[in-house]
Amino acid sequence: MTDKIQQIIDEISRKTKVLHHQLVEERLKNEQLRLENVDLREQLMSTTSQMERLDLEVGRLKEDLVSAKKQVVEVPVTAGSVSNEEIDELVKEIEYCISQLKK
């Protein structure tokens with residue numbers, strides 16, 4: 001009978017050691033997951049703040065675009081409003097400017 005009791009005690013002890021080992025492993029996994037969670041939360045906060053900054057920048061750029069569109073003055077070009085002589089003068093002036101820039 002004592003052998004039987006000793007076997008049961010040994011079996012309980014073995015199972016307890018296995019369970020203890022599993023518990024230690026699970027605690028390690030839990031700690032790793034906790035640290036990963038902290039890192040991911042920090043990344044999320046950083047990404048969120050970056051997104052907010054970019055949203056503000058987009059809003060500012062849209063406002064600038066609207067403002068720039070309001071400032072654009074369209075000049076209607078009528079066909080034949082510039083004579084050939086004026087075009088020749090402009091071409092000569094452009095060529096002169098280009099030659100000055102090359103110097």
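We did not get these values from a lab; they are worked out from the coordinates using the rules stated. Fair warning: this is a prediction, and the values are worked out from it, not measured in the lab. FYI the Cβ positions are ideal-geometry reconstructions off the backbone, even for glycines, and counts take in every protein chain you see.
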Query raised in the report: Among the lysines, which fall within straight-line cross-link reach of LYS102, defined as a Cα-Cα distance under 21 Å, with same-chain neighbours fewer than 8 residues apart omitted?
Result: LYS92
Query raised in the report: Roughly what angle does helix 2-71 make with the longest principal axis of the chain, taking Cα atoms, 0 to 90 degrees, to the nearest 10?
Result: 10
Report summary line: Per the 1/(1 + (r/R0)^6) rule, R0 = 41 Å and r from the Cβ atoms of LYS17 and ASN37, FRET efficiency to 0.05 is 0.85
Query raised in the report: Which net charge results for the neighbourhood of GLN32, defined as the other residues with beta-carbon distances under 12 angstrom from its beta-carbon, given Lys and Arg at +1 and Asp and Glu at -1?
Result: -2
Report summary line: Over its alpha-carbon atoms, the stretch 2-102 yields an Rg and a Dmax in Å of 39.8, 125
**Report entry** Neighbourhood net charge (12 Å Cβ-Cβ; Lys/Arg +1, Asp/Glu -1) for ILE8
**Finding:** 0
